[in-house]
1. Of everything in region 20-47, what is out of contact with any Leu (no Cβ under 7 Å at 6 or more places or on another chain), of a type outside the set (Phe, Trp, Tyr), surrounded by 10 or more Cβ atoms within 10 Å (Cβ to Cβ) and modelled with pLDDT under 90? Give them in sequence order.
2. Of all the residues that make up region 8-19, how many are over 11 Å from the mean Cα position of the chain (by Cα) and surrounded by 12 or more Cβ atoms within 10 Å (Cβ to Cβ)?
3. Tally time: how many residues in region 1-43 are part of a helix (DSSP H, G or I) and touching a strand residue (DSSP E or B) at 6+ places or on another chain (Cβ under 8 Å)?
4. Going through region 20-47 one residue at a time, which ones are without any contact (Cβ under 8 Å) to a residue 12 or more places away in the chain and more than 8 Å from the chain's Cα centre (by Cα)?
Amino acid sequence: MKGGNQTLKQGTVIRSIRLTDNPEEIDCRHDSIKGLVLRTEFVRKRG
């Protein structure tokens, strides 16, 4: 995770996902991190 002081490990489940105007970014929320933005190149759909 760039610019953050906390690391998310591979396989971490993220909830409350919202799409942004930028198709390469996803706005989401994690229990310990508020205002989290993830790059779509590192995200995989579970299921």
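The values are calculated or read from the model by the stated rules, or taken from the named source; none is laboratory data. Computed from a predicted model, the values in this text were never measured in an experiment. All Cβ positions, even for glycine, are placed from backbone atoms using ideal geometry, and neighbour counts span all protein chains on display.
1. If the condition is that a residue be out of contact with any Leu (no Cβ under 7 Å at 6 or more places or on another chain), of a type outside the set (Phe, Trp, Tyr), surrounded by 10 or more Cβ atoms within 10 Å (Cβ to Cβ) and modelled with pLDDT under 90, then 33, 36, 37, 38, 39, 40, 43 are the ones that fit.
2. Going through region 8-19 one residue at a time, the tally reaches 0.
3. 1
4. Scanning region 20-47 gives 21, 22, 31, 34, 35, 42, 44, 45, 47.
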